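Step one of this worksheet: look at the structure below.
The values are calculated or read from the model by the stated rules, or taken from the named source; none is laboratory data. As the structure is a prediction and not an experimental result, all values here were calculated from the model. As a convention, Cβ positions derive from the backbone with ideal geometry for all residues, glycine included, and neighbour counts pool all protein chains shown.
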Amino acid sequence: MRAMVSKDAASLTKGAQTKQHIVDKALALAGAVGLEALSLGSLAQALGLSKSGLFAHFESKEALQLDVLKEAIDRFARKVVVPALAAPRGRARLEALLANYLGWLETSSETGGCIFMSLSHEFDDRPGPVRDLLAQSQRDWISTIARVVQGAIDEGHLSSTLDPRQLAFELEGLGMAFRHHTNLLGDQKAGKLVKSGFERLLAHARP
């Protein structure tokens, strides 16, 4: 009996690993072609799996899309938000958040662009679970920026008259401009420009 349990556990682990491998590959491809254009057939071929093998892990294309988006959200949190929250509350935390965000955008631009911005264009007028999850993730991101800005205000590092949501809106706008200039225009100075924009906004927000 003990040997049978061990075998089942090993099978579950292998299945989970295969599923994660599928999600990782789909996420890498989605940054360049989008989620909707990513067919299960092309994904199966890229992974060396059969379509039936792929369907063994995902009941539908939408289920795969949701898991890919959840993975992207988790990665963003781990690479951008969590490390920044370890910085001291106030301006240092805000600067860490923006530096991590810029790092995310720069890394994403090398592999087809930020997945969230790509999907925003793809699903902005397409109702359903994928759009709902995407929209909620972006609301959460804007709220995170605003909370960190409010912390900097409370610490006296930024002006008390500052509207945290307004600054969050402007900082997110710079991120979108970075993607436009990098992906569409091929502007090699986009990173420098967005960094300068971040610094200028923070300079104007000083008490």
Unmet requirement for Leu40, which otherwise passes all of (1) over 18 Å from Arg126 (Cα atoms); (2) crowded, with 18+ Cβ neighbours inside 10 Å: (2)
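Kindly provide the set of residues from segment 151-169 that are part of a helix (DSSP H, G or I) and either exposed (fewer than 15 other Cβ atoms within 10 Å of the Cβ) or of a type in the set (Gly, Ala, Ser) (or both), ordered by number. Walk me through how you get there before you give the answer.
Step one: of segment 151-169, the residues part of a helix (DSSP H, G or I) are 151-154, 164-169.
Listed by number, the residues that qualify are Gly151, Ala152, Asp154, Arg165, Gln166, Ala168, Phe169.
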Residue satisfying all of: in segment 187-198; surrounded by 11 or more Cβ atoms within 10 Å (Cβ to Cβ) and without any contact (Cβ under 8 Å) to a residue 12 or more places away in the chain; farthest from Leu162 (Cα to Cα) among these: Asp187
Test: residue in segment 177-186 that is surrounded by fewer than 17 Cβ atoms within 10 Å (Cβ to Cβ) and more than 21 Å from the chain's Cα centre (by Cα): yes
Qualifying residue in segment 135-148 (condition: part of a loop (DSSP other than H, G, I, E, B) and basic (Lys, Arg)): no
Arg126, sole failed condition from (1) basic (Lys, Arg); (2) farther than 19 Å from Leu171 by Cα; (3) crowded, with 18+ Cβ neighbours inside 10 Å: (3)
Residue within segment 117-133 that is over 29 Å from Val68 (Cα atoms) and touching a helix residue (DSSP H, G or I) at 6+ places or on another chain (Cβ under 9 Å) present: no
Residue ID - nearest to Arg147 (Cα to Cα), chosen from residues in segment 60-91 that are among the small types (Gly, Ala, Ser) and modelled with pLDDT of 95 or more: Gly90
Tabulated pairs, segment 71-84, first farther than 17 Å from Leu35 by Cα, second basic (Lys, Arg), C-beta under 9 angstrom, 6+ apart or interchain: Ala84/Arg93
Subset of segment 97-123 [outside any helix (DSSP H, G or I), surrounded by 13 or more Cβ atoms within 10 Å (Cβ to Cβ) and not hydrophobic (A, V, I, L, M, F, W, C)]: Thr111, Gly112, Gly113
